[in-house]
Structures are given as C-alpha cells and as structure tokens.
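The values are calculated or read from the model by the stated rules, or taken from the named source; none is laboratory data. All of these numbers come straight from a predicted model, not from anything done at the bench. Every residue, glycine as well, gets a Cβ built from its backbone with ideal geometry; the counts of neighbours run over all protein chains shown. When the accessible area is computed, the model is the full protein with side chains, heavy atoms only, and any ligands, DNA or RNA have been set aside. Shrake-Rupley method; radii C 1.70, N 1.55, O 1.52, S 1.80 Å.
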Amino acid sequence: MDFSFTEEQELFRRSVREFCEKKLAPWANEINEKGEIPHAILKEMASFGLLGITISERYGGSGAGFINATIAAEEIARVDVSMATAVYYLVEAGWGFLMDRYASEKAKEEILPDITKGKTFLGIASTEATGGSDIASISTRLEKRNGKLILNGAKTFISGVREATRYGGGYVTIVNTNPDLKNKGLSLCYLPVKDVKGITTSIFEQMGREGISTGTININNVEIPEHFLIGEWNRGFYYAMEGFNCARTLVAAACIGAAEKALESGIEYIKERHVFGTPLAKFEGIQFQMAEEYTKLEAAKLLVHKAAWMLDQMYAENRFSIGEINKAVATAKLVAPTTAFDIIKDVLTWYGAYGYTREAGLERGLRGVYSYIIGAEGAQNIMKIIIGREILGKEFAPY
Ligand SMILES: Cc1cc2nc3c(=O)[nH]c(=O)nc-3n(C[C@H](O)[C@H](O)[C@H](O)COP(=O)(O)OP(=O)(O)OC[C@H]3O[C@@H](n4cnc5c(N)ncnc54)[C@H](O)[C@@H]3O)c2cc1C
C-alpha cells in the first residue's frame, strides 16, 4: 500500500492551489454577496483546464482521472467554502465524464467543447417534486413521435438553472421511457434549456451557496434531436448510478477542502487568541476538540481518496465490481459532508462572536456543506441504504 500522492499529483495540487489563491480567492466574497460567479472567472478556470476536467482532450478537457479531479475539487472549495464554485466545477466534472462515455459522437462534438471552454454550463436534472431519493418514481416522459424525441414533465431543485439559461448549456436529464418498468424504464438524455420552446424556469431563494442558483425546469412538449439520447434506451438508471458515483466522490472532496481550510484557520486562531492570559490552544477543552476534528478529517480524507482511486482503477484497469465502488463512494459521501459541517461549526465557535459575523466567512461554509447533508447528489439516508444493500445483499434492500 502507498498512502502518498505521486509527484505529478503533488505538483498538480500546488499549481491548482496557486491558481485558486491568486484568481479565485479574491472573488470569494463577491461571489457570495452578488450571488453569481463572474463569467470571466469561469473562463479563467476553463483556460486553466479546470472546467470539464475529466472530459477527454478531444473535446477540450484534460482527460483527468478522479484522483486529480478530487484534488481540484478540494482546492476550489478551500478558497470558496460557500461551495458555489465547487458545485459549478463538480457537476461538470462528474456529469461531463458520463456524457463523454455514453453520449453520441455528434452530441459530444456539439456540447462538450463549449463546456470545457467555460462558455456554457452542464448539470444534472434528476429530482422531481415527488421526491429526489426515489429515482424509480421519475415521471418526466421521453417519447419517440414520428422520429422525434419529445419531453414532458418537470424537474426541481436543480443546480445551475440561472447559469444554464443565461450562458447556455443544459442537463444530463433522467427521464421515464417506460412507466411499466420502474427503474428499468428510465433513460438519459441531454436537455438544453436556453431559449428552448417549451422550457420555463424559476429560481429558489436558498439558505446558502449563493453564487450558484437552484431552480425548477418545466418541460412542455420539448423536442430534442435523436442524437441527444445518452446511451441506450431504458438503460438510464445504470448510467445515472455511475454518474452519481463520480459526482458524489467530488462532492465529498469539496467538503474535505472546505473543512481542511476551516480547520487550518481555526488552528492558527486558537494559537494566537489569548483568553485568561493564555492561548486558547492550551485549554484541553479546545485542544481535544481540535484533535478530534483533525482525526475525523483525516479519516474522511482517506475514504474520499480511496473512492477516487477505486474509480480510476475501475476505469483504467477494470478493477473492482460496481458494488464495491457503490459502497466506497457512499461511505465517502456519507462521512465527508457531516465531518465538514462539524469542523466548520467548531472553528466558528472557537472564533467566538467574530465567528458569527459574515466577515469571518465560516457561516457560508456551514450553509454550503449542509446542502450535501440534506441531499444534493443524494441524501445521507440514501447513502446508508446503498451501504446496507452492498453489505447485506440485495435481498435485504427495503425496496
Ligand atoms: C442545494 C441543492 C442543490 C441540488 N441540486 C440538484 C441538481 O442539480 N440536480 C438534481 O437532480 N437534484 C438536485 N438537488 C436535489 C437533491 O438531489 C435532493 O434533495 C435529494 O435527492 C433528496 O430528495 P428530496 O429533497 O426530494 O427529499 P426526499 O427524497 O423527499 O427525502 C426527504 C428526507 O427523507 C430521507 N429519506 C428519503 N428516503 C428515505 C428512506 N428510504 N429511508 C430513510 N430516509 C429516507 C432523506 O434522507 C431526506 O432527508 C439539490 C438539492 C439541494 C438541497
């Protein structure tokens, strides 16, 4: 076993950190306050090779594996702990990878280069009003009519709706292609949303992640070309689960990055801050908390890095069963957001009243990582269902 990153990976981390600290960090406050990531920043991220990082070079990506994609997710979240920029990055890296694997050549040529150039946005549209956890209940219909693909339905709580309608782009969309077959009757397609007849959208006011929107997409008799079908008809559930494994690993990595940065700043603070004539760090009540949070972070990091490594091994070497990958990713996604939330909360508390100010920047981290406890890219209880199913066997799955 080797628990260290390679020299190339370390070099990659250093260069991404330098980029993020120089180009992204100065905008973190504005992203949060103005409620958007300036398009110029997205273009810079694209020029650096960060957007659609896992997409192959043929379409302008870097063809990065999941270890490097994980490193980049951590570094982006370190400088924008609100998660907004990390969300923009990770949905494109996770779902762009899936499109690269399964979309038609024509669709890839039309869609992916604009994503890797930072011109347009790519997201995932799975959740519907009937409950995001129950994917088999998806009712947005895709039908073939006279050689055309027609969509009807609605998606909700979808990240990036304002960005996709403003800059262009669209969604890897999970649709129902055979209502009698439950999850075996789902398919994937690419749904563009900007200036598309039959698409209307609305945006939610959210408790966090101000820099990236979340909204609804109403789909009324929307016609898409046949080559926008992703992969085979009725195989969408399996592709989607693969995409979720990729995206969840990067979600977990982003939470790790935000937590790591918060803990580092907290450690500096408790060494400097004197109360009762002595540094806070000398009080065991604080020091023990710091030791516990450090340990939890190390444990979470190992789970996340292992999941990324297993994904790379699966794609490059055909190692590990899908069940093993599901379990590894679900454990990382289960642990990382909660660990990040606990760490940021403790550091905020060490800061005293200053922690409660917006200026300290920690509250936006708390609100951001909480989105991943609630369920963006899959609720925590769903991770437990996956882990339970993989350990006990399908015969013990509750559904
Ligand atoms: C900020 C944000 C951004 C999002 N972005 C996207 C996006 O880009 N694309 C997209 O498709 N979706 C997105 N979502 C939606 C997300 O995927 C869903 O919130 C998630 O899947 C949970 O679905 P739900 O909110 O409908 O909750 P429900 O499925 O109704 O679940 C409610 C609660 O019940 C729990 N629960 C559900 N089933 C079980 C069970 N069997 N046993 C025990 N507990 C259970 C869940 O853990 C959850 O706490 C986003 C959500 C948020 C908060």
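Miscellaneous remarks
- Cut-off 19 Å, label 7 Å out along Cα→Cβ of E21, residues of the range 257-271 by amide N: 257-269
- Residues within the reach of a label modelled at N234 (point 7 angstrom out along Cα to beta-carbon, backbone nitrogen below 19 Å), restricted to the range 150-170, are 150.
- On a per residue basis, the chain carries 44 Å² of accessible surface, using protein heavy atoms and a 1.4 Å probe.
- Stretched out straight at 0.36 nm per residue, the stretch from R58 to A353 would grow longer than its current Cα-Cα span by 101.1 nm.
- Taking θ as phi - 60° and the Karplus parameters 6.51, -1.76 and 1.60, the scalar couplings of the range 266-279 work out to x, 5, 4, 5, 5, 6, 8, 6, 9, 9, 6, x, 9, x Hz in sequence order, x denoting glycine and proline.
- Each residue of the range 96-111 was assigned a 3J(HN,Hα) from its phi angle through the Karplus expression (A = 6.51, B = -1.76, C = 1.60, θ = phi - 60°), giving x, 4, 5, 4, 4, 6, 10, 6, 5, 4, 4, 5, 4, 5, 6, 9 Hz with x at Gly and Pro.
- Rounded if a/c under 1.5, otherwise prolate or oblate - the range 122-230, Cα gyration tensor axes: oblate
- Nearest-0.05 FRET efficiency for E317 and L11, computed from C-beta distance (R0 25 Å): 0.60
- For trypsin sites (Lys or Arg not before Pro), the sites in the range 321-399 that DSSP calls loop and that have at most 11 other Cβ atoms within 10 Å are R358.
- Heavy-atom accessible surface of the chain: percent carbon and sulfur, 1.4 Å: 53 percent
- When the helices of the chain are scored as -39500 (n - 2.57) per DSSP H run of n ≥ 4 and the total is divided over every residue, the value at 222 nm lands at -17500 deg cm²/dmol.
- The mean sequence separation of alpha-carbon pairs under 8 Å and at least six residues apart, normalised by the residue count of the chain, gives a relative contact order of 17 percent.
- Cross-link table K22/K119; K306/K327; K155/K327; K261/K296; K43/K119, entries beyond 19 Å C-alpha to C-alpha: K22/K119; K155/K327
- Applying 1/(1 + (r/R0)^6) with R0 = 56 Å to the Cβ-Cβ distance of K384 and N146 gives a FRET efficiency near 0.80.
- For the range 303-309, 3J(HN,Hα) per residue [Karplus equation, 6.51 cos²θ - 1.76 cosθ + 1.60, θ = phi - 60°, Hz, x = Gly/Pro]: 5, 5, 5, 5, 4, 5, 4
- Look at the alpha carbon pairs under 8 Å that are at least 6 residues apart: their mean separation over the length of the range 236-396 gives a relative contact order of 29 percent.
- Amide hydrogen neighbours beyond the local backbone of K194, cut-off 5 Å, H modeled: G169
- Cβ-derived FRET efficiency at R0 30 Å, A299 paired with N178, nearest 0.05: 0.10
- In this structure the amide hydrogen of F204, modeled in the peptide plane, comes within under 5 Å of the amide hydrogens of T214, G215, T216, none closer than 5 places in sequence on its chain.
- At the residue level, H39 shows approximately 50 square angstrom of accessible surface with a 1.4 angstrom probe and all protein chains present.
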